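Visitor: Structure incoming, see below.
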């Protein structure tokens, strides 16, 4: 790729060129949320007209989580999600509710166009760490799966 700088044209090697919102199919996207994850069940409300919106508690969590993620690639087709979760308290939360919150999040930030693209999930819960709750998420293209 060629670029102009200071009146000169220079050649930039292809491996140094970064294009926003693209990802190599073999490269997973990894991010860590350093916070407690709430349940996503019943987090999205629906008005009489069918308009969907998150409740205040979930919206606050989602906005904070989005600020921790930063730039994200866009995955087309089926993906796998690996989650390493360390809770910050003794409150019992069910995995489907936590997974629902994370699926809402990755759809909102644009990592996937639809959370139905998540076809394979691996979830590991670690012992409680009240000082450092975190959730490490790995999104990867699911090879060998049919396109949705």
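The values are calculated or read from the model by the stated rules, or taken from the named source; none is laboratory data. Just so it is clear, the structure is predicted and the values come from calculations on it, not from any experiment. Neighbour counts are summed over all protein chains in view; Cβ atoms, including those assigned to glycine, are modelled from backbone coordinates with ideal geometry.
Visitor: Restricting attention to segment 34-75, report how many residues are under 20 Å from residue 96 (Cβ atoms) and part of a helix (DSSP H, G or I). Write out each step before concluding.
Guide: Taking segment 34-75 first, the residues under 20 Å from residue 96 (Cβ atoms) are 35-46, 52, 54-55, 57-58, 61-62, 65.
Subsequent filtering for residues that are part of a helix (DSSP H, G or I) retains 57-58, 61-62, 65.
Here the count works out to 5.
Visitor: Just to be sure before I move on: is residue 75 buried (at least 18 other Cβ atoms within 10 Å of the Cβ) and more than 19 Å from residue 30 (Cα to Cα) in the structure I sent? So that I can check it myself, show each step before the final result.
Guide: Details: buried (at least 18 other Cβ atoms within 10 Å of the Cβ): yes; more than 19 Å from residue 30 (Cα to Cα): no.
When the stated conditions are applied, residue 75 does not pass them.
Let's see how each residue does on (1) touching a strand residue (DSSP E or B) at 6+ places or on another chain (Cβ under 7 Å); (2) modelled with pLDDT under 90; (3) closer than 24 Å to residue 118 by Cα:
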| site | (1), (2), (3) |
| --- | --- |
| 5 | no, yes, no |
| 15 | no, yes, no |
| 20 | no, yes, yes |
| 31 | yes, no, yes |
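Visitor: Restricting attention to segment 54-76, which residues are more than 19 Å from the chain's Cα centre (by Cα) and within 12 Å of residue 104 (Cβ to Cβ)?
Guide: Scanning segment 54-76 gives a single hit, 55.
Visitor: Moving on to the next point. Please go through segment 111-121 and give me each residue that is without any contact (Cβ under 8 Å) to a residue 60 or more places away in the chain and either over 18 Å from residue 40 (Cβ atoms) or surrounded by 12 or more Cβ atoms within 10 Å (Cβ to Cβ) (or both), ordered by number. I'd like the intermediate steps shown before the answer.
Guide: Restricting attention to segment 111-121, the residues satisfying the condition of being without any contact (Cβ under 8 Å) to a residue 60 or more places away in the chain are 112-121.
Residues satisfying the conditions are 112, 113, 115, 117, 118, 119, 120, 121.
Visitor: Right, something else. What pairs come up if the first residue lies in segment 56-75 and is at positive phi, the second is surrounded by 12 or more Cβ atoms within 10 Å (Cβ to Cβ), and their beta carbons are under 6 Å apart, counting only those six or more places apart or on different chains?
Guide: Hits for this filter: zero, empty list.
Visitor: If only one of 41, 59 is surrounded by 11 or more Cβ atoms within 10 Å (Cβ to Cβ) and over 27 Å from residue 142 (Cα atoms), which one is it? Can you show your working first?
Guide: Working: 41 fails: over 27 Å from residue 142 (Cα atoms).
So the residue among 41, 59 that is surrounded by 11 or more Cβ atoms within 10 Å (Cβ to Cβ) and over 27 Å from residue 142 (Cα atoms) is 59.
Visitor: Mind checking which residues of segment 108-127 are closer than 16 Å to residue 60 by Cα and in a helix (DSSP H, G or I)? Before the answer, list the steps.
Guide: First, the residues of segment 108-127 that are closer than 16 Å to residue 60 by Cα: 108-109.
Once the filter is applied, which keeps residues that are closer than 16 Å to residue 60 by Cα and in a helix (DSSP H, G or I), segment 108-127 yields only 108.
To keep it simple, each residue is scored yes or no on (1) assigned to a strand (DSSP E or B); (2) touching a strand residue (DSSP E or B) at 6+ places or on another chain (Cβ under 6 Å); (3) closer than 13 Å to residue 38 by Cα.
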position: 77; (1), (2), (3): no, no, no
position: 80; (1), (2), (3): yes, yes, no
position: 83; (1), (2), (3): yes, yes, no
position: 91; (1), (2), (3): no, no, yes
position: 98; (1), (2), (3): no, no, yes
position: 104; (1), (2), (3): no, no, yes
position: 130; (1), (2), (3): no, no, no
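Visitor: Can you say whether residue 107 is over 10 Å from the mean Cα position of the chain (by Cα) and without any contact (Cβ under 8 Å) to a residue 60 or more places away in the chain, as far as the supplied structure shows?
Guide: When the stated conditions are applied, residue 107 does not pass them.
Visitor: Residue 138: surrounded by fewer than 17 Cβ atoms within 10 Å (Cβ to Cβ), touching a residue at least 60 places away in the same chain (Cβ under 8 Å) and either part of a strand (DSSP E or B) or within 13 Å of the chain's Cα centre (by Cα) (or both), yes or no?
Guide: On the way: surrounded by fewer than 17 Cβ atoms within 10 Å (Cβ to Cβ): yes; touching a residue at least 60 places away in the same chain (Cβ under 8 Å): yes; either part of a strand (DSSP E or B) or within 13 Å of the chain's Cα centre (by Cα) (or both): yes.
So residue 138 passes the test.
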